[in-house]
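Everything below concerns the one structure shown next.
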Amino acid sequence: MKYFGTDGFRGEAGNILTSFHAYKIGRYLGFHFSKGHRGRIVIGKDTRRSSYTLEYALVAGITASGSDAFLLHVTTTPSVSYVARTEGFDCGVMISASHNPYYDNGIKLLDSDGRKMGDSLLEKIEEYIDTPGDDLPFKTGEDIGTASDHAIGRNRYIGYLISLATRSYSNMRIGLDSANGSAFSIAKNVFDSLGAKTYVIGAEPNGLNINDNVGSTHIERLKKLVLENELDCGFAFDGDADRCLAVDRNGSVVDGDHIIYICGRYLKKHGKLDGNHVVVTVMSNLGLFKALERNGIEYDVTTVGDRYVNEDMTEKGYCLGGEQSGHIIFSKYANTGDGILTALMLMEVILEEKTDLSELSSGMTKFPQLLSNVRVADQEAVLNDPLVKEAADKVTKALGKEGRLLLRKSGTEPLIRVMVEAETDELCERYVREVTDAIDKVI
């Protein structure tokens, strides 16, 4: 793919991703879904300043091609997925660069089932973007599409989340970090409605502060909030709230691997873990694999991206999967990662088991892990360079069965990711440095 990576078309707004791109994406979507009927496309956005520009450009393209645009306004990616699959939309569009800084933005496309759009349509959109001029027909008269407010869809999604809780949170003190992003107007409403006493940070977006020292990629502030206020736990979301990380009462981070372990054990105990399988990615910690094996839980391993996790779950009928970064999919309730839903599922386990997160996660011991990102111009050339391959082979042999090296290209940025797991932090640092030094020599 030239434009669409593992999580949409993403880059610096106004440079890599422009309103021209958004307009042409809208034009093709509007054209594609207006064949035989009037297309219906639902759009959400996060709190970035550039989201408004991209939203209006998308709407212009969609309506010019004869489809109707329905605006959820500032909302989460999983809410767009929910509305698309429950209200008969042809597709959903989310304008967000997830955990990236404010100056980046992205366009994520979801199908009518609320899943990531398939490659065949994305390829056609990319071909159209690169086509000089505009060879798609413009609608005229009453065939021109309309744009309308659809905030009620977001409200229905909030109601759906609240309906999933089976117990009151009235005795729980919970911290929430909304990353100054999409969750700022949703997460607190959900937890307040369920009776929790909430303590909130990252809920004052100004268009420029999304993910700025807050959210799931900057968990330190939530840890401080939980410890200073003696909270039961805390949940941190990213810019579009499709991921969640937690903090227990002791200030320890409960990441996506822990969440898979906790929820997998719980579902197995209650006979609800379909196929006795969970789905994880190559980035999951070796400690998770060993903990799952000890508990008799099988697992599939996919490439990085919740899209690929979801595809494996759908194909094989599994109900739980996710990524270490906090993209967790509960397929009984959603077709994409959902940070707020993940927090609610963890709360269900806490309340049902009458314990806390620290106890629930204690059965999994993580191997020390170190990830280093190296910016490169040509990812494939670097990965195939003989010097880099030699360094990678040497490290892999040295680690043996008590660690591993993962060397891969990022699907969203021009980076090579070098990850090592080993018995000690010192070994992680040593082996990561050996590989990154080799990469530096060839770029």
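The figures follow:
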item: Pairs with Cβ under 6 Å, 6+ apart, first in region 66-88 and in contact (Cβ under 8 Å) with a residue 60 or more places away in the chain, second in a helix (DSSP H, G or I) and basic (Lys, Arg); result: Leu72/Arg154; Thr75/Arg154; Ser79/Arg154
item: Number of positions in region 244-302 that are assigned to a strand (DSSP E or B) and acidic (Asp, Glu); result: 3
item: Failed item, numbered, when Glu352 is tested on (1) part of a loop (DSSP other than H, G, I, E, B); (2) closer than 29 Å to Phe191 by Cβ; (3) at pLDDT 95 or above; result: (1)
item: Flag if Ser51 is touching a residue at least 60 places away in the same chain (Cβ under 8 Å) and over 28 Å from Glu142 (Cβ atoms); result: no
item: Filter result (in a helix (DSSP H, G or I) and touching a residue at least 12 places away in the same chain (Cβ under 8 Å)) within region 125-144; result: Ile125, Glu126, Tyr128, Ile129, Asp143
item: Selection from region 371-408 of residues that are over 22 Å from Ala422 (Cβ atoms) and either of a type in the set (Lys, Arg) or in the same structural domain as Phe289 (by TED's automatic domain parsing) (or both); result: Arg375
item: Total residues in region 282-323, condition within 26 Å of Tyr160 (Cα to Cα), modelled with pLDDT under 95 and touching a helix residue (DSSP H, G or I) at 6+ places or on another chain (Cβ under 6 Å); result: 0
item: Filter result (within 28 Å of Gly5 (Cβ to Cβ), among the aliphatic types (A, V, I, L, M) and over 27 Å from the mean Cα position of the chain (by Cα)) within region 115-146; result: Leu136
item: Qualifying position, being of a type in the set (Gly, Ala, Ser) and surrounded by fewer than 19 Cβ atoms within 10 Å (Cβ to Cβ), among Ala343, Ala398; result: Ala398
item: So Thr342, is it more than 24 Å from the chain's Cα centre (by Cα), among the β-branched types (Val, Ile, Thr) and within 22 Å of Lys223 (Cβ to Cβ); result: no
item: Filter pass, Ser50 being farther than 25 Å from Pro414 by Cβ and polar (S, T, N, Q); result: no
item: Options Leu222, Leu208, Leu136; residue that is in the same structural domain as Phe31 (by TED's automatic domain parsing) and of a type in the set (A, V, I, L, M, F, W, C); result: Leu136
item: Lone qualifier among Leu222, Leu176, Leu231 - being in a helix (DSSP H, G or I), over 21 Å from Asp104 (Cβ atoms) and at pLDDT 95 or above; result: Leu222
item: Filtered residues of region 410-432 (kept if basic (Lys, Arg) and crowded, with 16+ Cβ neighbours inside 10 Å); result: Arg417
item: Matching residues, region 104-130, being out of contact with any helix residue (DSSP H, G or I) (no Cβ under 8 Å at 6 or more places or on another chain) and surrounded by fewer than 16 Cβ atoms within 10 Å (Cβ to Cβ); result: Gly118, Asp119, Ser120, Glu123, Glu127, Asp130
item: Condition broken by Glu12, with the remaining ones in (1) surrounded by 21 or more Cβ atoms within 10 Å (Cβ to Cβ); (2) more than 16 Å from Asp240 (Cβ to Cβ); (3) under 21 Å from the mean Cα position of the chain (by Cα) satisfied; result: (1)
item: For Met313: the one exception among (1) of a type in the set (A, V, I, L, M); (2) in a helix (DSSP H, G or I); (3) surrounded by fewer than 17 Cβ atoms within 10 Å (Cβ to Cβ); result: (3)
item: Total residues in region 72-93, condition within 17 Å of Gly39 (Cβ to Cβ) and surrounded by 21 or more Cβ atoms within 10 Å (Cβ to Cβ); result: 8
item: Test: Ser67 is polar (S, T, N, Q) and crowded, with 23+ Cβ neighbours inside 10 Å; result: yes
item: Test: Ile262 is modelled with pLDDT of 95 or more and more than 17 Å from Gly181 (Cβ to Cβ); result: yes
item: Matching residues in region 209-230 - criterion: being crowded, with 23+ Cβ neighbours inside 10 Å and either under 14 Å from Thr198 (Cβ atoms) or without any contact (Cβ under 8 Å) to a residue 24 or more places away in the chain (or both); result: Leu222, Val226
item: Residues (buried (at least 20 other Cβ atoms within 10 Å of the Cβ) and not in a loop (DSSP other than H, G, I, E, B)) located in region 179-197; result: Ser182, Ala183, Phe184, Ala187, Val190, Phe191
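Let's see how each residue does on (1) acidic (Asp, Glu); (2) part of a helix (DSSP H, G or I); (3) in contact with a His (Cβ under 8 Å, 6 or more places away or on another chain):
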site	(1), (2), (3)
Gly114	no, no, no
Glu123	yes, yes, no
Arg167	no, no, no
Leu208	no, no, no
Ser216	no, no, yes
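The values are calculated or read from the model by the stated rules, or taken from the named source; none is laboratory data. Because the structure is a prediction, the values reported are computed rather than measured. A quick note on method: Cβ atoms are made from the backbone with ideal geometry, for glycine too, and the neighbour counts reach across all protein chains shown.
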